[in-house]
1. Does region B:51-58 include one or more residues that are more than 14 Å from residue B:5 (Cα to Cα) and in contact with a helix residue (DSSP H, G or I) (Cβ under 6 Å, 6 or more places away or on another chain)?
2. Filtering region B:101-119 down to residues that are within 14 Å of the chain's Cα centre (by Cα) and not in a helix (DSSP H, G or I), which residue is surrounded by the fewest Cβ atoms within 10 Å (Cβ to Cβ)?
3. Out of all the residues in region A:61-103, which are loosely packed, with under 12 Cβ neighbours inside 10 Å and in contact with a helix residue (DSSP H, G or I) (Cβ under 7 Å, 6 or more places away or on another chain)?
4. All but one of (1) in contact with a helix residue (DSSP H, G or I) (Cβ under 8 Å, 6 or more places away or on another chain); (2) in a loop (DSSP other than H, G, I, E, B) hold for residue A:229; which doesn't?
5. I need the full set of residues from region B:15-35 which are buried (at least 22 other Cβ atoms within 10 Å of the Cβ), in a helix (DSSP H, G or I) and touching a strand residue (DSSP E or B) at 6+ places or on another chain (Cβ under 7 Å), in order please.
6. Where residues in region A:16-33 are away from chain B (no Cβ under 12 Å) and in contact (Cβ under 8 Å) with a residue 12 or more places away in the chain, which of them is surrounded by the fewest Cβ atoms within 10 Å (Cβ to Cβ)?
7. Which one is surrounded by the most Cβ atoms within 10 Å (Cβ to Cβ), of the residues in region A:179-198 that are in contact (Cβ under 8 Å) with a residue 24 or more places away in the chain and over 29 Å from residue A:135 (Cβ atoms)?
């Protein structure tokens, strides 16, 4: 039901042991050369060139490959060749598991099919974003899209996503659960819910038909847990896209009646989630 | 019946897991801890067979606690239950540190019980 990577799926299904997965990962680490190592192995650059580029990276926010070109150690054509060779010789985890004897090729095929079916609900759809959000666009789109998917799959709520709006204040609501994303993206993820939506979330998370007797602490906790589930899965999906993220535990915010001000140096994008006339649900991103 | 300790800072997750464990007929929940440090204390006082532990908690996080737990108690079996289960590096680190399995959130009851019964 969650975003997974293939190795985890296999261990979860009891198809391979954690120990054989580790052996396969070690084989991958020995086999799959990093860009610099591959460029050295292909005779284009020296180890000293890599060290010089690494030192230059401390003051320049550039990928190693681009920097090696800028420093004149690699030509653009050579960089293309290195990347193409990396892709062509890449040992995937499934192949590594076959090589270490943990899976047969036939079983690998079967489990790959099962894995594709398991992860099919998480194939990302396009989401409209502000034009200025032009870096890591796919990761931002995935964050919003995965929120929609989790609302459907985990909460079972029928909704219509609204067009994004930019705001300097996030409107007041019953409560907001928030989580900070750090790493390649720096943002605060917020989910703002009315009291009715909060109860719907609590019913889904606690798997209870009635939550009228529950106290505020547990009701709020269920919204934080939902945000934790969304953001954890965003981090997992981002890692598959080559985007490294980390999260801190979620927090609850009670915005004043005039709304929650967006901190200085942040821009706020709100994604309305239309769930019915009497209830309000919004997802927002405070982006640095 | 195997004894299970639940470690999670979320009240709602703790409640969900306790219900799954106690309704299973095979396991009994002997308590819950809110962070890694509490888990280490309760492992000593409650002597569980299995620990179901979150990764991302305030105070001592799950991976730090996992390292200590498997060092202090060779017999205890730890399963991580986390929304970060699908992150390759986190999953691999947990298995390297001695976790028996990693369950991703959101989880299904049958999946949790299948993994606990396989230990």
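1. Among the residues of region B:51-58, at least one is more than 14 Å from residue B:5 (Cα to Cα) and in contact with a helix residue (DSSP H, G or I) (Cβ under 6 Å, 6 or more places away or on another chain), which makes the answer yes.
2. B:119
3. The answer is A:76, and nothing else.
4. (2)
5. B:17, B:21
6. Of everything passing the filter in region A:16-33, A:31 is surrounded by the fewest Cβ atoms within 10 Å (Cβ to Cβ).
7. For region A:179-198, the residue satisfying everything is A:197.
So that you can scan it fast, the table gives a plain yes or no per residue for (1) at pLDDT below 90; (2) assigned to a loop (DSSP other than H, G, I, E, B); (3) surrounded by fewer than 18 Cβ atoms within 10 Å (Cβ to Cβ); (4) under 15 Å from the mean Cα position of the chain (by Cα):
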| site | (1), (2), (3), (4) |
| --- | --- |
| A:116 | no, no, yes, no |
| A:124 | yes, yes, yes, yes |
| A:138 | no, no, yes, yes |
| A:145 | no, no, no, yes |
| A:151 | no, no, no, no |
| A:158 | yes, yes, yes, no |
| A:177 | no, no, no, no |
| A:200 | no, no, no, no |
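The values are calculated or read from the model by the stated rules, or taken from the named source; none is laboratory data. Note that the structure is predicted; figures quoted are calculated from it, not measured. Glycine also receives a Cβ, built like all others from the backbone with ideal geometry; neighbour counts cover every protein chain displayed.
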